[in-house]
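Here the structure is laid out as structure tokens; the discussion comes afterwards.
The values are calculated or read from the model by the stated rules, or taken from the named source; none is laboratory data. Just so it is clear, the structure is predicted and the values come from calculations on it, not from any experiment. Cβ placement follows ideal geometry from the backbone for every residue including glycine, while neighbour counts extend to all protein chains displayed. Please note that ligands, DNA and RNA were not included when accessible areas were found on the heavy atoms of the full protein model with its side chains. Shrake-Rupley method; radii C 1.70, N 1.55, O 1.52, S 1.80 Å.
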Amino acid sequence: YTYDVNKGEITGVPAGVRSVAETQDFDYSISLSIPPAEMEPPAVMVIHIEASSLNPDFNCTATPSNITLHEDDDGTPQPVVIKTSGNVIDEGTGEKAFTCEVVHTLGETNNEQYQDCPERTVTINVINDDEANVHMWTISDVDGSYEYDIKFLSFFNPEGQSFGYGVRLDTEPLSPVR
């Protein structure tokens, strides 16, 4: 089967499943296979970009959420940034914290070249970047504030005297720490 006109589509959307660390951005650029300046007749085209997290505790957003391509657009790829959120829970080394789905659709058009243009989707796995750890802190003799983050404390103490130290977790525990 052949079409009466060349069919256009959204190009530049990354294929397959991609990965990015928590709170990091995922960048790419998109365009149309037939730029508005080469359409018959030239037309304004709008690409809608919707990013959503599959987990309600996390966010991902697309900037911009709409790209408007004017009649004189020559097909220069337009940048898209997907911003991700994160947490302070260690889900495990290299484990997926959550998934973002980013859907690209073309706005309404009367242009035959873009009738029935398929949506394009990229899946982004947001990977854990937290590492559970415990830190001990020395306490200042002067003002009682925490001074140094250390791994080991000398528990040598002269008889009859005392010293203080603090304990801090790097990540948020999922259950009580005892």
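Observations, loosely collected:
- Qualifying residue in segment 128-138 (condition: at pLDDT 95 or above and either out of contact with any Asp or Glu (no Cβ under 9 Å at 6 or more places or on another chain) or open to solvent by less than 20 Å² (accessible area, probe 1.4 Å) (or both)): no
- Residues of segment 104-139 satisfying the condition of being within 19 Å of GLY12 (Cβ to Cβ) and either aromatic (Phe, Trp, Tyr) or assigned to a strand (DSSP E or B) (or both): HIS104, THR105, LEU106, TYR114, ARG120, THR121, VAL122, THR123, ILE124
- Filtering segment 53-88 to residues that are β-branched (Val, Ile, Thr), in contact with a strand residue (DSSP E or B) (Cβ under 8 Å, 6 or more places away or on another chain) and either in a loop (DSSP other than H, G, I, E, B) or open to solvent by less than 50 Å² (accessible area, probe 1.4 Å) (or both) leaves ILE67, THR76, VAL80, VAL81, ILE82, THR84.
- Residues that are free of Cβ contacts under 8 Å to residues at least 12 places away in the same chain and open to solvent by less than 90 Å² (accessible area, probe 1.4 Å) were ranked within segment 148-172; the one that is farthest from GLU91 (Cα to Cα) is GLY160.
Each row is one residue, and each column tells you yes or no for (1) touching a Pro at 6+ places or on another chain (Cβ under 8 Å); (2) closer than 19 Å to VAL102 by Cα; (3) of a type outside the set (Phe, Trp, Tyr).
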site: GLU9; (1), (2), (3): yes, yes, yes
site: ASP25; (1), (2), (3): no, yes, yes
site: TYR28; (1), (2), (3): yes, yes, no
site: PRO35; (1), (2), (3): no, no, yes
site: MET39; (1), (2), (3): no, no, yes
site: THR63; (1), (2), (3): no, yes, yes
site: THR68; (1), (2), (3): no, yes, yes
site: ASP72; (1), (2), (3): yes, no, yes
site: PRO79; (1), (2), (3): no, yes, yes
